[in-house]
Amino acid sequence: MTSSPPFTASAASSEPADLFVRNTVRWLERAVIGLNLCPFAKGVHVKGQIHYVVALTEDLTEVQALLRSELSALVATPAETRDTTLLILPHCLQDFLDFNDFLGDAEALLEAMELDGTLQIASFHPQFQFAGTDVDDVTNCTNRSPYPTLHLLREESIDRAVEVFPEAETIFERNIEVLQALGMQGWSALDVGPSAGTPSLPEANQDVR
């Protein structure tokens, strides 16, 4: 674990934007890395190559503009410095269906910027729900985060990770098994939702806009 992540937060606010990053980092460390839901996450986390961006706005137009800016910035920054970006949206798209609708706009933006094939946009949400599952099905927690979050990834990094982990297609099945064994009570015990706590903060990149 490294020390505090640099971050960017959007919009002037008296809110402690770093708290949103702290809660996201706690989720990353306890759930994503702790349960090994993503075998590729630990490396970039320990190296401080994750860039955290907090959008304090409720305006989706501003979010889309920020997404455009962060996609451009990721492409322009060496992977050794910034391999991936987490765009955290604590004040908008709280409804999962609205969030899903916005993902279509995000993908359209990626194509309009001619970055499809270079970058990918993954997503996490506090209310994430797989089709055909109940809202309280613990398997939904594989994609649940403290806040609506867009994950900007480099295609090259994904390809390299798959080479190191050739059975990447088995990750999803394993994650389902891990969550089912953990159960909803075990997930709750991880305490990876929004909170007012102040967990230790690793070194990485943070922005507040």
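Read-outs throughout are calculated quantities, based only on the coordinates presented, and are distinct from any laboratory measurement. For clarity, every value in this text was computed on a predicted model and none was experimentally measured. Methodologically, a virtual Cβ is constructed for each residue, glycine included, from the backbone with ideal geometry; neighbour enumeration extends over all protein chains shown.
Numbers below:
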read-out: Counted charge near W27, where neighbours are those whose Cβ lies closer than 11 Å (Asp, Glu -1; Lys, Arg +1); value: +2
read-out: Share, in percent, of DSSP beta bridges within region 7-208 that are antiparallel, nearest 5; value: 45 percent
read-out: Summed side-chain charge close to Q129 - residues other than Q129 whose Cβ falls under 13 Å, Lys, Arg +1, Asp, Glu -1; value: -3
read-out: For region 55-127: rounded, prolate or oblate by the Cα gyration tensor [a/c cutoff 1.5]; value: prolate
read-out: Neighbourhood net charge (15 Å Cβ-Cβ; Lys/Arg +1, Asp/Glu -1) for T139; value: -3
read-out: Relative contact order, percent, the chain [alpha-carbon distance under 8 Å, six or more residues apart]; value: 39 percent
read-out: Cα gyration tensor category, rounded, prolate or oblate, for the chain with a/c compared to 1.5; value: rounded
read-out: Residues A168 and E114, FRET efficiency given R0 of 25 Å [Cβ-Cβ distance, rounded to 0.05]; value: 0.45
read-out: Sequence ranges 130-137, 23-30, 117-124, ranked by mean other-Cβ count within 10 angstrom, highest first; value: 23-30, 117-124, 130-137
read-out: Check: the chain dipole with +1 on Lys, Arg Cβ and -1 on Asp, Glu Cβ, in debye; value: 820 debye
